[in-house]
1. Would you please name the trypsin sites (Lys or Arg not before Pro) within the range 117-151 that are DSSP coil residues with at most 16 other C-beta atoms within 10 Å of their C-beta?
2. In the range 25-131, which GluC sites (Glu not before Pro) are in a loop and have at most 15 other Cβ atoms within 10 Å, using DSSP for the loop call?
Amino acid sequence: MPGQREGFGRPRRLAGFDYGASALYYVTLITRKGACVLWDWRSVLAAISRREPYDEKPILSECGLAAEHFIGEIEHHYAGIKVEELAILPNHVHMLIRFGVYAPSGRLIAAQTNLPTIIQQMKQAMTKHLGASVWARTYIDRIVRNSEEAEALASYIRNNPRGWTRDSLFPKIAENREYEWSKILKE
């Protein structure tokens, strides 16, 4: 499943769709200016220098660890919501997030909020924690249509860090640059 560069301006949402409805959503969050701030710069450079599948587990930066934490907290703060898949890449995050989950009793627990609110609140909490805004203003989402698409997206998310150097969000950057996230974000 291809990613796409963030469009500037208003995000495209499906007109008339209730983004709080029980559904599975594929979400891509992109860092401001596409900065590679979610992995430690040594992992970024190791992936870039190989230009082939990156099989090592990347070291997350302070920003990446914060993203992992705050995205992981979503299902603890909002009933009826579960993050089913998550991949943190140097300059973007992919996730599958389910609205409407079943309790052990078999009862459907509906989400009490919507996708834009959850994304906005997660970004705000992370910004407050880090003292700087990491994320681009908008994000990309897709309503997953069926189980085949869900499985294809889950596979894509699990394998995406490995093939990041071939990703559409792979930046054009110098190989010998050390990335310090606070400097990049203040540019």
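We did not get these values from a lab; they are worked out from the coordinates using the rules stated. Just so it is clear, the model here is predicted, and its values are computed rather than measured. Neighbour counts run over all protein chains shown; Cβ positions are idealised from the backbone, glycine included.
1. 145
2. 56, 73
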